[in-house]
Structures are given as structure tokens and as C-alpha cells.
Amino acid sequence: MRAMHFRQPTTDNRQPTTDEMLAITALLVRDYDEAIAFFTEVLRFALIEDAPREDGKRWVVVGSRDGGGHLLLARAATPEQLARVGDQTGGRVGWFLHSDDFWGDYRHMQACDVRFTEQPRHERYGWVVVFLDLYGNRWDLLERRAS
């Protein structure tokens with residue numbers, strides 16, 4: 001995954017002096033350890049941090065090894081949160097996993113029994129296929145076309 005950088009707007013026409021970066025996105029999970037296993041073994045993310053917190057909670061962050069975007073694996077703690085596990089985006093693709101080896105990653109994910117909702121397809125922007133994470137959230141595996 002790659003982080004998106006953007007400039008903070010100013011109100012007085014000065015040039016902004018800092019870059020901001022969307023660093024972490026929370027993803028509701030049922031269980032920390034099963035989520036860590038999926039994201040580190042199947043999607044091959046790095047386990048960035050796993051630190052205990054109060055009330056049995058943990059601060060669990062996984063993400064790309066190149067310093068791109070990270071996910072906070074947040075264990076659902078209420079009935080409302082549990083109801084959203086696997087459906088955080090109302091059935092839409094919510095996450096985009098960029099690959100520099102689409103077919104290699106696709107075959108690895110197939111070997112790990114990842115569920116795909118379609119066959120890989122070539123679009124004007126590159127190769128893409130929609131897959132489901134271990135809870136049913138929809139993701140794109142995407143290899144962008146070389147410019």
C-alpha cells in the first residue's frame with residue numbers, strides 16, 4: 001500500500017510549509033491474532049506494532065514494508081462495532097492494495113484461499129481484481145500501468 005500525500009491549504013495565500021500524510025486507517029476486526037495472521041501471512045504486510053493497552057485492548061498496526069499506508073487492527077468492542085466487521089464500506093471496495101507483481105501476488109493469494117469476487121481484468125489504468133479479506137471487506141489488488 002502506498003500513502004497519499006497532500007498539501008494543507010492556507011487561508012492567506014501563503015505556501016504551506018509541511019506535507020501531511022494519511023498515516024493509519026482503522027479496520028474493525030473480530031480477533032487480533034487471526035487478523036494479524038491474515039494481513040502478515042496472506043497479504044504479506046509487516047507487523048509494525050503490537051502493544052498492550054488497557055482493558056485487554058491492543059494497539060496493532062500492520063502495513064507496507066516501504067513506509068506506505070498502515071492499518072490499525074481495531075478489535076470490535078460493542079454490538080454496533082461487531083455488526084460492522086466485514087462491512088465497513090457498505091459493500092464497496094474500501095482499500096486498494098498496490099502491487100508491482102500482480103500475477104505473483106494473485107497466485108499467492110489464491111494459494112492462501114483468498115476469495116475473489118471476479119476474474120482479474122485489464123483496465124486502462126492497469127490490472128485489477130476484487131478480493132475479500134478474512135471478514136468479507138472488499139479490496140482491490142491493483143497493478144497500475146506504467147506511465
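Pop a pseudo-label 7 angstrom from the Cα along the beta-carbon direction at both residue 96 and residue 77 and give the gap in nm to one decimal.
3.2 nm
Going by amide H atoms built from the backbone, whose H comes under 5 Å of the H on residue 99, apart from near neighbours?
Here 142, 143, 144 satisfy the definition.
So what are region 33-117's ellipsoid semi-axes, whole angstrom, largest first, if each one is the square root of 5 times an eigenvalue of the alpha-carbon gyration tensor?
Working: eigenvalues 115, 61, 28 Å².
Semi-axes (√(5λ), whole Å): 24, 17, 12.
Distances over 19 Å make up what percent of all Cα-Cα pairs in the chain?
Details: 6210 of 10731 pairs.
Pairs farther apart than 19 Å: 58 percent.
How large is log10 I(q)/I(0) at q = 0.16, 0.17, 0.30 Å⁻¹ when the Debye formula is applied to the Cα atoms of region 86-147, each weighted equally and without solvent?
The Cα Debye sum returns log10 ratios of -0.48, -0.54, -1.35.
Rounded to the nearest 0.05, what FRET efficiency is calculated for residue 54 and residue 30 with R0 set to 22 Å and r the Cβ-Cβ distance? Present the calculation step by step, with values, prior to reporting the outcome.
Numbers: r = 20 Å, r/R0 = 0.91.
With a Förster radius of 22 Å, E is 0.65.
Could you grab the relative contact order for the chain? Cα pairs under 8 Å, six or more apart, rounded to a whole percent. Mind dumping the intermediate values first?
Numbers: 262 pairs, mean separation 31.0, N = 147.
Normalised by residue count, the contact order of the chain is 21 percent.
What is the antiparallel percent of DSSP beta bridges lying wholly in the chain, to the nearest 5?
On the way: 24 of 35 bridges.
Given both bridge residues lie in the chain, the antiparallel proportion sits at roughly 70 percent.
Quick one: Karplus J couplings for region 73-90, per residue in order, coefficients 6.51, -1.76, 1.60, θ = phi - 60°, nearest Hz, x for Gly and Pro?
Rounded to whole hertz, the list is 7, 9, 5, 4, 10, 10, x, 5, 5, 4, 5, 8, 4, x, 8, 6, 10, x.
Can you tell me what the convex hull of the Cα atoms of region 65-112 projects to on average, as an area in nm²? The partial results should precede the final answer.
Values: hull surface 19.6 nm².
Convex hull of Cα atoms, orientation-averaged projection: 4.9 nm².
With θ set to phi - 60° and the Karplus curve 6.51 cos²θ - 1.76 cosθ + 1.60, what are the ³J(HN,Hα) couplings of region 37-51 in order, to the nearest whole Hz, using x for Gly and Pro?
Karplus values, whole Hz, x for Gly and Pro: 4, 4, 6, 8, 8, 7, 8, 6, 6, 8, 7, 7, 7, 9, 10.
None of the figures in this text is laboratory data; all of them are computed from the coordinates on show. Since the model is a prediction, treat every value here as computed from it, not as a measurement. Here the Cβ is made from the backbone with ideal geometry for all residues, glycine too, and neighbour counts use every protein chain on show.
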